[in-house]
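One structure is given here, and the rest of the page talks about it.
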Amino acid sequence: MASFGGILRFVRLGSPHAIVFDETYYVKDAWTMLQTGEPRDWPKTVGINNTPIDTLFAQGDTHGWLQSAEYVVHPPIGKWMIAIGLQLFGGAASSFAWRFATAFVGTLAILVLCRVALRMFHNLPIALLAGFLLSIDGLGIVMSRTALLDNFIMIFVLMAFACLLIHKDKAYEKLTAAYEQDSQRRNARFMPVGIHFGKHRGTTRLVLDAKGPRIAWSWWRAFAAILLGLATGTKWSGIYFFAVFAFISVLWDAWNRREIGYRNWFSHGVWKDALPAAGFMLPLWIGTYCASWTGWFIHSDSYLHNWAAENPGQGLTWLPQGLRSFVEYHREMWDFHTTLDTPHSYMANPLTWPLQIRPTSFYWEKISGSPGLCSLSPSSQCVVAVTSLGNPLLWWLGSLSVLVGIVIACFIKKGDWRILAILAGFIGGWLPWAQYMHRTTFTFYSIVILPWIVLAICYVANWLRQNVAAVNYRVTVSAVLIVLAIVSAFFYPIWTAMPVPYEFWLAHMWLPSWI
């Protein structure tokens, strides 16, 4: 499934051979970081003809940067990821090179999501369903074919989520083994536990006064903290994922204690698991984030590196000069992110993201001749477009599946931990943006919740698999997949810069807000 998704992402990856949308920041930053160690300023135009620097860059003139350090408003990890592609595949003159890293992680995400779905639902067809849906979604395809930062956040948080699921299962096995030993002790007594949810619901089993083993530490949880540090080192929105995922992970630990049969599961979960987990997850997360700024500390001409020396008595004076400058830089970044309200023709209210109401046009250009699909209508105007629009039916179905899944978990399969796992992706990747309604935001930021949109569909599909006649289930799922695949095939040309007749492009603008 990852191979199929990779084909959709890598074929014609270099098209269009132009700096697309916010690639103007990240590609050029990545290139100067490779050349000088830190991002550098670039002029907007060059020469007496005022040729745009982006045009020259795409033509191979990649040495026009200035010596001054650039004020960048996002941490460096994502740009270093882009730089890897530049280093491996021909340098800055190759649009394939500057998009390679996003295409690679977008393909990797399909494999990781398959593993996540398999661990959650223990059903191979459901896991393949997850991989297929992520493979064909337009937002996943476009963001894998554009050198922006958000795909890197998506892969880091998805991998962290996968690690925490593994920790959950390993912790459950450890608690189960300890329970078998503890249940032989005299302080155990029989008690009906019909109030318990999960697979023990309605049975009579031992409820133990024993505390059970510590399950706070695992390498998987440590890896998750590091990955979430890398996500935060790409964009600050990773902070929300760390908070939500860390909370849900220790909640799973406590719930495991309840499910297995330990009394006082909540208090023991707090003291034996939550606090120790915070004791190592927080330092790993913070340490990974700070390490991502190593280049800034090393290079004396980095932006605001010498601010403390130039502004004695200002800022946090009790800090060493280097850290005082570092904090001041972060204060400026905070001001930028919280006050950015410049109107933009493609800005989108965060509440509309799951419904893809206002997608972002990354690239749109009229071209001459009749290349590609334009040959089917040579008398029409030919256009090339890259529209960061998800498969609309997939996103609408996913949004509906979230609501249906909540109903199922609350009233039918009470205590099903998986719906909370799915909601964690939305709480970490979407809900925090509700506090920035005034801010200039774009729908393509929602790429970080795409895996959980897919998992919501898988959740409902899995419930249907278990509660609907096999024939009806197969017919329903097959019909849905065929329709989704047809819609993706229909939209694929305007996701991937294929030359198409203007009328063909216009036929894809189902809503006025898509234009």
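The values are calculated or read from the model by the stated rules, or taken from the named source; none is laboratory data. Please read all numbers here as calculations on a predicted model, not as lab measurements. Here Cβ is always computed from backbone atoms with ideal geometry, including for glycine, and neighbour counts include all displayed protein chains. The area values use the complete protein model at the heavy-atom level, side chains included, leaving out ligands, DNA and RNA. Shrake-Rupley method; radii C 1.70, N 1.55, O 1.52, S 1.80 Å.
Helical content alone sets the calculated 222 nm signal of the chain at -18000 deg cm²/dmol, taking -39,500 (n - 2.57) per DSSP H segment of four or more residues and averaging over every residue.
Unpaired Cys in the chain, meaning no second Cys C-beta under 4.7 Å: Cys114, Cys163, Cys290, Cys410, Cys458.
Put a dot 7 Å past the Cα of Ile412, heading toward its Cβ, do the same for Ser361, and the two dots end up 4.2 nm apart.
Annotation: peptides 135-141, 314-320, 269-275, ranked by per-residue average of other Cβ atoms within 10 Å with the highest first, follow the order 135-141, 269-275, 314-320. Give the carbon-plus-sulfur fraction of the accessible surface of segment 316-381 in %, rounded to a whole number; probe 1.4 Å, heavy atoms of protein chains only. Whole-percent figure for carbon plus sulfur exposure: 62. Along segment 409-417 the Karplus relation, 6.51 cos²θ - 1.76 cosθ + 1.60 evaluated at θ = phi - 60°, assigns HN-Hα couplings of 5, 7, 10, 10, 9, 4, x, 6, 5 Hz to successive residues, with x for each Gly and Pro.
Taking the longest Cα principal axis of the chain as reference, the axis of helix 95-121 is set at about 20 degrees. Placing a pseudo-label 7 Å from each Cα along the Cα-to-Cβ vector at Met509 and Trp217 gives an inter-label distance of 6.1 nm. Here's the picture: a label point sits 7 Å out from the Cα of Asp169 along the beta-carbon direction, and within segment 392-429 the residues with their amide nitrogen under 18 Å of it are 417-422. Sorted largest first, the spans of the alpha carbon positions of segment 232-315 along the three principal axes are 61, 27, 18 Å. A straight chain from Ala309 to Gln381 at 0.36 nm per residue would run longer than the Cα-Cα distance by 20.0 nm. Multiplying the residue separation of Ser267 and Val475 by 0.36 nm and subtracting their alpha-carbon distance yields 70.1 nm. For the chain, the solvent-accessible area works out to 42 Å² per residue, with a probe of 1.4 Å and every protein chain left in place.
Listed options for semi-axes √(5λ) of the Cα gyration tensor in Å are (i) 43, 31, 25; (ii) 43, 33, 17; (iii) 52, 33, 23. The value calculated from this structure is the one marked (ii).
Relative to the compact-globule estimate of 2.2 N^0.38 Å, the Cα radius of gyration of segment 21-165 comes out at 1.23. Computed from backbone phi with θ = phi - 60° and the Karplus coefficients 6.51, -1.76 and 1.60, the 3J(HN,Hα) list for segment 226-231 is 5, 4, 5, x, 5, 4 Hz; x is used for glycine and proline.
Between Leu319 and Leu66, the contour length at 0.36 nm per residue exceeds the Cα-Cα span by 88.0 nm.
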